[in-house]
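In what follows, a single structure is set out as structure tokens and then discussed.
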Amino acid sequence: MKRRFLCLAAALLLLLTACGAQDTAPTLEVTLPNTEVPVAFSGCDVEEGRIDLWMDPDQTPETAAYYTADGRPQLCFSGVTEEEVEVRFAQPYETGMRLYTDNVIMPKLDYKATRQEDTLTVQLKTVYYYLITVTTEEGMDRFVISTTLD
């Protein structure tokens with residue numbers, strides 16, 4: 001009886017681990033140009049491009065990196081703290097994206113940030129457009145990531 005219970009428990013643990021595991025092998029690795037912060041994308045297929053980004057609709061847009069991620073992306077930032085990485089929503093606007101001010105992003109609901117040694121991991125949970133801003137002593141970088149599920 002005890003042996004059956006142990007086999008059942010081991011099988012259940014293996015099943016739960018396999019079903020809940022996310023591939024953490026990076027699918028894309030970039031270094032942000034101004035801050036020189038390395039970012040690794042995992043848990044998704046990623047396509048890279050450029051987009052116009054309006055932080056204020058009354059101002060001229062800036063050009064920002066744009067990533068389309070199929071899946072639930074996990075972003076690993078090296079050498080930064082949670083205070084240096086801001087996660088906001090973006091929305092389609094004219095020929096690009098703009099800061100979405102109508103809805104405030106909710107940590108732990110829309111994304112989860114965890115820190116381990118020198119790496120900040122941000123798991124994006126909501127299927128939408130995210131505006132990520134990284135600010136360090138070296139400067140600031142912004143990029144937009146669009147998440148989709150097939």
* Structure fact -> Those trypsin sites (Lys or Arg not before Pro) from the stretch 27-115 that are DSSP loop and have at most 10 other Cβ neighbours within 10 Å turn out to be Lys108
* Structure fact -> Here the stretch 104-120 yields Karplus 3J(HN,Hα) values (6.51, -1.76, 1.60; θ = phi - 60°; whole Hz; Gly and Pro given as x) of 8, 6, 10, x, 6, 9, 8, 7, 10, 10, 9, 10, 9, 6, 9, 10, 9
* Asked: Along the stretch 131-140, what does the Karplus equation 6.51 cos²θ - 1.76 cosθ + 1.60 (θ = phi - 60°) give for ³J(HN,Hα), rounded to whole Hz, x for Gly and Pro?
  -> 10, 10, 10, 10, 10, 10, 4, 6, x, 9
* Mind jotting down a quarter of the surface of the convex hull over the alpha carbons of the stretch 23-148, in square nanometres, one decimal? => 7.4 nm²
* Note, ³J(HN,Hα) from phi for the stretch 75-80, Karplus 6.51, -1.76, 1.60, rounded to Hz, x at Gly and Pro -> 10, 10, 9, 9, x, 10
* Structure fact -> For Phe89, other-chain or 5+-apart residues with amide H closer than 5 Å (H placed, Pro excluded) are Tyr100, Ile105, Leu131
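Where a number appears in this text, it was derived from the coordinates with a stated rule and is not lab data. Owing to the predicted nature of the structure, the values given are computational and were not obtained by experimental measurement. Please note: Cβ atoms are built from the backbone with ideal geometry, for glycine as well, and neighbour counts cover all protein chains shown.
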